[in-house]
1. Which loop-located trypsin sites (Lys or Arg not before Pro) does the stretch 68-160 contain, where loop means any DSSP state but H, G, I, E or B and the Cβ has at most 14 other Cβ atoms within 10 Å?
2. Size of the dipole of the chain about the Cα centre, Lys and Arg at +1 and Asp and Glu at -1 on the beta carbon, nothing else charged, in debye to 20?
3. Calculate, for Asp348 and Ser196, the FRET efficiency according to 1/(1 + (r/R0)^6) with r their C-beta to C-beta distance and R0 25 Å; round to the nearest 0.05.
4. Ignoring GluC sites (Glu not before Pro) that are buried or in helix or strand per DSSP, and keeping those with at most 14 other beta carbon atoms within 10 Å, what is the longest stretch of the chain between them?
5. Looking at this model, which pairs from Lys140/Lys285; Lys104/Lys285; Lys109/Lys290; Lys104/Lys186 are more than 29 angstrom apart at the alpha-carbon?
6. What size of dipole, in debye to the nearest 20, comes out for the stretch 183-330 about its Cα centre when the only charges are +1 on Lys and Arg C-beta atoms and -1 on Asp and Glu C-beta atoms?
7. What trypsin sites (Lys or Arg not before Pro) in the stretch 259-337 are in a loop by DSSP, with at most 10 other Cβ atoms within 10 Å of the Cβ?
8. To the nearest 20 Debye, how big is the dipole of the stretch 146-250 about its Cα centre, given +1 on the beta carbon of each Lys and Arg and -1 on that of each Asp and Glu?
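Each value in this text was obtained by applying a stated rule to the coordinates, not by laboratory testing. None of these values were measured; they are calculated from a predicted model. Positions of Cβ are backbone-derived with ideal geometry, glycine not excepted, and every protein chain shown enters the neighbour counts.
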Amino acid sequence: PMPHRVSPNGSYRIDRRFKGVGRIALASGTKSRSVFVKLNAMLTELDEDGHLDILRGIRDRRFTLQQVYQAKRNGGLSYVASELLLQDNIWRSVDEWLPMSAPKHSSRKRYEVSFRSLRRSGPLGPSALIADLREVDWGKLQREWPAGPADWNRMRAAVSSFVSWRLGDKFHPFRRALAQSIPLAKEPPGRVPDLSPELFWRIVHIAPEHVRAAYVTLAVTGMRVGEYMQLQSHDLLPHTLALRVPGTKTASSQDVIRVGERAWPWIKAAVPAPLGRRWLYNHWKRACRKAGAPELTLHDLRHFYGQQLIDAGRPEVSVQYGLRHTDAGMTRRYIRQRDRGENALAMDDIMFPTDEEQIEKEARKQG
């Protein structure tokens, strides 16, 4: 198209139509014909390269022609496009992302809950843009956050995953700067239940007979409940006294678990699961309440497995393999608990010696 001026003393004017964009009609911002030709050619290139989002940004005057031209010359055209993406409404974008945010339904649900908490907390209103995330006072929000540190960190991870998806780049400067601005909460040490072998068997015998083998299987294998629920008869390997774990959390979850001869009859009786997850949980909680331990959860049987092995002297790395932890730090909670127990025994000997120990102590003094 032939350039023309807005007025005798004005700049050259752009007036073009692009499929999927519509009409772009605005002043080019230059009185130079040669510069105008370059700007006009840039629009053609953007159209041919499929940068319709940038063309729409120019149409809506989010960017000037000169800003886009300079970014293109400096190799920063992708960041111009991403800046446009940041101008989208955050809540509409989150709704678009959630159904595809993670392979597992439970992970998607956690993301949904995190963003719901963020929305209720108030810093981002209904019309907030994704770009407004950088304006949030995250330190103040953390101090006012109604839930615990683990919940805060889950929200932090959800925001990071969402922004990575929206920009298509987890290393994008906006995402990296945002991750640095959201404090990482210090979480308490991992849960270690107050569950001894004696209490475990008391709970098992209180539970209905048809579910007892399921609880024993969880305790002697350290499996997650979701993993156990997927087991079928073909996952049992009787010649090696082992079972295939399908894996539900990470790629490393899929594995083969060995069990002892005395445990094998329990495993055979428990696979496949005799009832659904809900009733497995309900029977466990009822038995725990009757045994005087209402705080125990079904997942605590996984922690029970780790703690008992560490207390029995098994090496940390072996227990890590057994639990299929990718991070040794996750297994270390059981080491700390064992060390606390050993410290307690030592203090018992120091502060409350037996008569024999007292006699030996006096003898050493006199000798």
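1. Passing both the DSSP loop test and the Cβ count: Lys104.
2. Around 1960 debye, computed over the chain.
3. Taking R0 as 25 Å, the efficiency between Asp348 and Ser196 is 0.90.
4. 1-260
5. Where the Cα-Cα span goes over 29 Å, the pairs concerned are Lys140/Lys285; Lys109/Lys290.
6. 440
7. Arg262
8. 560
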